[in-house]
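*Asks:* Got a structure here, written out as structure tokens. Questions coming.
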2 protein chains.
Amino acid sequence: MKQINIKALAQELNLSVSTISKALRDSYEISDETKHRVLELAAKLNYTPNPYASSLRGKKSRNIAIVIPEVADSFFSQAINGIESVAKGKGYHVLICLTHENYEHEQAILKEFQSGRVDGVLMSVSSETASGGHIQELIAKEVPVVFFDRALNGVAAARIVTDDFQSGYNATAHLIEQGCRNIAFLGVSSQLSISNDRMAGYRKAMEEKGLPFREVYCSSSPEDNHTLVTDLLRQHGRPDGILASVEKLATSVYQACAELQLSMPADVKLVCFSNLGIAAMLYPSLTTVTQPAFEMGKAAAATLLKLLEKKHTDPSGLDMVIPSELIRRGSSL
Amino acid sequence: MKQINIKALAQELNLSVSTISKALRDSYEISDETKHRVLELAAKLNYTPNPYASSLRGKKSRNIAIVIPEVADSFFSQAINGIESVAKGKGYHVLICLTHENYEHEQAILKEFQSGRVDGVLMSVSSETASGGHIQELIAKEVPVVFFDRALNGVAAARIVTDDFQSGYNATAHLIEQGCRNIAFLGVSSQLSISNDRMAGYRKAMEEKGLPFREVYCSSSPEDNHTLVTDLLRQHGRPDGILASVEKLATSVYQACAELQLSMPADVKLVCFSNLGIAAMLYPSLTTVTQPAFEMGKAAAATLLKLLEKKHTDPSGLDMVIPSELIRRGSSL
DNA sequence: GTGAAAGCGCTAACAA
DNA sequence: TTGTTAGCGCTTTCAC
């Protein structure tokens, strides 16, 4: 790895390293002519600055991290695109870190960030995450954190979320309107904000009609979820409607219905929180609560960069709620 | 960002920084007792080594990059998981870099890597990438590159691919067997290895039966693809079978069929290269060529790490072909 | 078994 | 306008 560095440029041009450095950063101290010569040579020699040296020196990396459970999820992949689009514009690099819905992984990742590897963090907590010590610790080291989608209550950080409560309410109201009386809510975890808020909306809608709750928590394993849903639908007095709070649960419901010979929407109606592009081509087409994933990503990144640029900004007052949309399709009509 | 560093540990224990450094790296020179004291204090103070300092010093980052077109694709998201699983085991970090199927983006990303930001690169080239100068340049700087899935011909780098030719052949043969005579191949780009190899397999199968070719190249914009497919299916003498070489084209075909009131599989049969978990729940369920995404990711990472560990290894002889599987479903039966 | 010191490539005081 | 120099935190000879 023979690297062209500032010193090499300096020698070639008979200038000092500091002049080169300043010229490259377009300092006002340097004459236009020198700048020009430097830039030209740098381009010719294909000079690329060593990011480790400047991060070490400058105590900032111009890296931000996205910490999410999984990349195989249409919400997260769209959100990543939104985040990237604003980070790139401001000259930041984006590190994608996957927790696989595992609390220990999440802890380890954030622990590492204490080293200064990244200047800030955008995160959606794992479904296992119940307490925020690891997040607090990072914030204590002055690494700003912004939650998007899945926030953790009790941690003082900006949060960019969708209107989970209202969406849960709307989705449930829709199922009731379509004739469901026995609606089950499939949650992800009793700690997760999104799960809880969506569930609260569900409860409110059910309560208003005097209907009974039924809440089931799924795991992170597709196999477990499959048996869970199958058991739910095999019961006597099985639900006639399901509100699934995350995308991956949709598959389990479709599969279970197929295996149990239940037909959607006649026997069971389904609404799922999902950003899947092919929701309309499922059989039956899937009614979704679709989140503004790209916008949420953009907003979260913009908020983080704001925090990064003027450190004094107070994280409160930065929260944002962007509404989701209920898209009615065959699975609930 | 007040950071605990080696110096702080040294002061606390009345030892020199070099002793601390050696103790942390478990050097044989250091007594067990000292090691113990150091590790204990490090844990207590929550010490995290500064990765920039050690990368700068050691001239290696223990970072590897995944350069892919898009993360919203089930093949790539599964492959990422495979790569991560082996990289993590060897203490490497993974940077995911998105080209958005854009050649300039890809160039810029690789250019940056010349700085030593990563020790090695795993890549699937963008659909726009026709020549490999940027890749060659990186290899010239002794940054090893391993292609996975989408390789670029003419670049001397290891490649982990699936049996594209055979899969294309099998898929086409299957469509012919199901009665199709007028089969169109939807490619991504005339440069892309996967597209070409899959197409070659298609051609062979068609040739064997004396059937005519019809090849259409799609773009990276969903809207364009939609009109392209719609036009194709609106033609007089429209195809009665389609072999789509990448996942995202499936959506376009389903949509176009719906709009044109063509029924699958009666009017048009479809086979698509895809790793979508919900392929079975589409309407009609989608016949897929499913790639061993996770395995390919693992193999690619293992190959790269091999190259990283003993630099003398010759990239030839490292290639690998892992077969895909044709899963017959409703869209072609 | 431990320590002193050089230096990775870059930036920013401070000098000239 | 340009140059000298001192580190950023870490690893690694080489000396003790």
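Derivation of every value follows stated rules applied to the coordinates shown; laboratory data play no part. Note that the structure is predicted; figures quoted are calculated from it, not measured. Every residue, glycine among them, receives a Cβ derived from its backbone with ideal geometry; neighbour counts consider all protein chains shown.
*Asks:* What are the lysines whose alpha-carbon lies under 17 Å from the alpha-carbon of B:Lys35, with same-chain residues fewer than 8 places away excluded?
*Replies:* B:Lys7, B:Lys22, B:Lys44
*Asks:* As an exercise, identify the GluC sites (Glu not before Pro) in region A:51-144 lying in DSSP coil whose Cβ has no more than 15 other Cβ atoms within 10 Å.
*Replies:* Hits after loop and neighbour filter: A:Glu142.
*Asks:* What net charge do the residues around B:Phe213 carry, taking every other residue with its C-beta under 10 Å from that of B:Phe213, with Lys and Arg at +1 and Asp and Glu at -1?
*Replies:* 0
*Asks:* Which lysines have a Cα less than 19 Å from the Cα of B:Lys90, not counting those fewer than 8 places away in the same chain?
*Replies:* Within the straight-line cut-off, B:Lys90 pairs with A:Lys111, B:Lys59, B:Lys60, B:Lys298, B:Lys306, B:Lys310, B:Lys311.
*Asks:* Once you sort the root eigenvalues of the Cα gyration tensor of region B:163-259 as a ≥ b ≥ c, which label holds: rounded (a/c under 1.5), prolate (a/b larger than b/c) or oblate (the other case)?
*Replies:* oblate
*Asks:* OK, next. If the cut-off is a Cα-Cα distance under 18 Å, which aspartates and glutamates reach A:Lys209, setting aside same-chain residues fewer than 8 apart in sequence?
*Replies:* Result set, ordered by chain and number: A:Glu177, A:Asp240.
*Asks:* According to the square roots a ≥ b ≥ c of the eigenvalues of the Cα gyration tensor, what is the shape class of chain B, taking rounded for a/c under 1.5, prolate for a/b larger than b/c otherwise, and oblate for the remainder?
*Replies:* Cα axes put chain B in the prolate bin.
*Asks:* Hey, for A:Val321 with labels 7 Å out along Cα-Cβ, what do the inter-copy distances come to in nm, ordered shortest first?
*Replies:* 5.8
*Asks:* What is the mean number of Cβ atoms from other protein chains located within 10 Å of the Cβ atom of each residue in peptide A:47-57, rounded to a whole number?
*Replies:* Mean partner-chain Cβ count within 10 Å for A:47-57: 6.
*Asks:* While we're on this one: Where Lys and Arg each count +1 and Asp and Glu each count -1, what net charge lies around A:Asp73 among other residues with Cβ under 15 Å from its Cβ?
*Replies:* -4
*Asks:* When a/c is below 1.5 the answer is rounded, else prolate if a/b is larger than b/c, else oblate, so apply that to the protein assembly as shown with a ≥ b ≥ c taken from the square roots of the Cα gyration tensor eigenvalues.
*Replies:* oblate
*Asks:* How much of the DSSP beta bridge set in the protein assembly as shown is antiparallel, as a percent to the nearest 5?
*Replies:* 10 percent
*Asks:* Let me ask you something else. Please compute the net charge surrounding A:Gln178, taking Lys and Arg as +1 and Asp and Glu as -1 over other residues with Cβ under 10 Å from its Cβ.
*Replies:* In short, 0.
*Asks:* Quick check: the distance between the Cα centres of region A:266-331 and region B:274-300, to the nearest angstrom?
*Replies:* 25 Å
*Asks:* Right, next: Under 10 °C and 1.306 mPa s, how fast does region B:88-144 diffuse according to Stokes-Einstein, given a Kirkwood radius computed over C-alpha pairs? Answer in µm²/s, whole number.
*Replies:* 133 µm²/s
*Asks:* Nearest to the axis that maps chain A onto chain B: list the chain A residue whose Cβ wins, with the distance in whole angstrom.
*Replies:* A:Tyr283, 2
*Asks:* Antiparallel as a % of all DSSP beta bridges within chain B, to the nearest 5?
*Replies:* Expressed as a percentage, antiparallel bridges in chain B total about 10.
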